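Accompanying notes for the structure given below.
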Amino acid sequence: MSKIELLEATEKSVGPPEMYEYHCELKNFRNKERELEIDDIKQNLRLKQTEEEDHQKRISNTRRTIEDLKSELAKISDQPDVTPQINAVNVELRRIQVERAKIEEEKADLRRESDNITAESKSQISITDPYFTLYNQKINYRNISKCRTINNPYIEYYVFIFAYF
């Protein structure tokens, strides 16, 4: 007889019959508990393995990204430095802006001067306006005096002959 069988036989002979049944149930519960603990351990192990695989994938993707960026950086480093050209363009742009501002200022000055001259000439015309009116009247009088009528039975024409000095 084995030690376990000897223990069970002693238990049956010494104790009440319910005691053996309780002991059997207790052993079954303990076995189920061990199985559940093992299942939990297996489940935790699978979870850890999945996490580790995801972590390795992220590491791999990061390494691939780094390699891609390094190759792109190598391509970019082969390009000539355009900073001096950009600076030259900026200097030229500033020079053109200053020149344009000067031109706009001169344009405004000329416009003001033109407006002043126009206003001045209008004031001079208004001063000499009576003489100008008299002059126009003389010209009109001369033109009317040189007017001839062309007789046509259907249409009467007036022809003005303008005499200029």
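The values are calculated or read from the model by the stated rules, or taken from the named source; none is laboratory data. If you're wondering where the values come from, they're calculated on a predicted model, not measured in any experiment. Every residue, glycine among them, receives a Cβ derived from its backbone with ideal geometry; neighbour counts consider all protein chains shown.
Couple of notes before you dig in:
- Within region 71-101, if we keep just the residues that are loosely packed, with under 10 Cβ neighbours inside 10 Å and of a type in the set (D, E, K, R), the residue that is modelled with the lowest pLDDT turns out to be Asp78.
- Selected residue [of a type outside the set (Lys, Arg) and closer than 30 Å to Glu8 by Cα] from Glu35, Glu67, Glu53: Glu35
- Any chance Ile41 is at pLDDT 85 or above, among the aliphatic types (A, V, I, L, M) and out of contact with any Cys (no Cβ under 6 Å at 6 or more places or on another chain): no
- Among residues of region 23-39 that are part of a helix (DSSP H, G or I), those with a Cβ under 7 angstrom from a residue that is among the charged types (D, E, K, R), sequence gap 6+ or separate chain, pair up as His23/Glu11.
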